[in-house]
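Structure, as structure tokens:
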Amino acid sequence: MSIRGIEHIGITVSDLAQAEQFFIGALGASVLYRLIPPGDDSKRVEGENMNPLNGFPPELNVIGLSMLRLANGSNVELFQTAPAVNDRPAHPGLPGINHFSVYVDDIHKAGVQMRAHGAKMFDGPSDCFGQEEGHGNQTWFGMTPFGVLIELISLPAGVNCDDGTTQQRWIPAP
């Protein structure tokens, strides 16, 4: 078995067009394709057909599905359902995946871009600590208009892995 890394993350949103515009405007993403263009009922996927494949709730239908490219990291797959899901703000105290991090070269500029596209930026940027501590190493969290918590991170000084570690932390190429 050969694991290469995370290829994409999936996010269910209440408004696919809004989420696409946020990723495009705030994070420079591009839409690669729309498997289910919003408003195209001929391509909608019934939940009962997806349920055996991945546990998708049979009472929901996928009415929008797009794949976005996000720089040198994983792709982002956006889903819109009917009935619509209620966007719920994520936080690190929730079980399961509660945020994802985007590596940036200019954390201040990235935070301004996110804010300009509707994100609520929390206090920051904050200096990293522990193994991530170093000159210029910072993080800054923002909540998207659709409830996804995104961490901006910049690690120009690198990180220190624990003794005996055989791998290094992956950082997207410039």
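Kindly indicate whether any position in segment 109-119 is surrounded by 14 or more Cβ atoms within 10 Å (Cβ to Cβ), closer than 22 Å to residue 15 by Cα, modelled with pLDDT of 95 or more and in contact with a Pro (Cβ under 6 Å, 6 or more places away or on another chain).
Yes: segment 109-119 contains one or more residues that are surrounded by 14 or more Cβ atoms within 10 Å (Cβ to Cβ), closer than 22 Å to residue 15 by Cα, modelled with pLDDT of 95 or more and in contact with a Pro (Cβ under 6 Å, 6 or more places away or on another chain).
How many residues does segment 117-132 contain that are out of contact with any helix residue (DSSP H, G or I) (no Cβ under 7 Å at 6 or more places or on another chain) and at negative phi?
9
Could you run through segment 59-83 and say how many residues are of a type in the set (A, V, I, L, M, F, W, C) and out of contact with any Leu (no Cβ under 9 Å at 6 or more places or on another chain)?
Matching residues across segment 59-83 total 1.
So residue 97 clears everything in (1) at pLDDT 90 or above; (2) surrounded by fewer than 17 Cβ atoms within 10 Å (Cβ to Cβ) except one condition, right? Which one?
It is condition (1) that residue 97 fails.
Please enumerate the residues belonging to segment 8-41 that are hydrophobic (A, V, I, L, M, F, W, C) and either within 13 Å of the chain's Cα centre (by Cα) or outside the structural domain of residue 61 (by TED's automatic domain parsing) (or both).
Across segment 8-41, the qualifying residues are 9, 11, 13, 19, 22, 23, 24, 26, 27, 29.
Please state which one of 81, 139 is of a type in the set (Ser, Thr, Tyr) and over 25 Å from residue 156 (Cα atoms).
Matching residue, one of 81, 139: 81.
Would you be able to tell me the number of residues in segment 150-164 that are surrounded by 10 or more Cβ atoms within 10 Å (Cβ to Cβ), out of contact with any helix residue (DSSP H, G or I) (no Cβ under 7 Å at 6 or more places or on another chain) and not hydrophobic (A, V, I, L, M, F, W, C)?
3
Within segment 22-62, can you find the residues that are closer than 30 Å to residue 112 by Cβ and either surrounded by fewer than 16 Cβ atoms within 10 Å (Cβ to Cβ) or in contact with a helix residue (DSSP H, G or I) (Cβ under 7 Å, 6 or more places away or on another chain) (or both)?
Taking segment 22-62 as the starting set, the residues that turn out to be closer than 30 Å to residue 112 by Cβ are 22-34, 38.
Within segment 22-62, 24, 25, 26, 28, 29, 30, 31, 32, 33, 38 qualify.
The values are calculated or read from the model by the stated rules, or taken from the named source; none is laboratory data. From a predicted model like this one, the values you see are computed outputs, not experimental measurements. In this analysis, Cβ positions are derived from the backbone assuming ideal geometry, glycine residues included, and neighbour counts consider all displayed protein chains.
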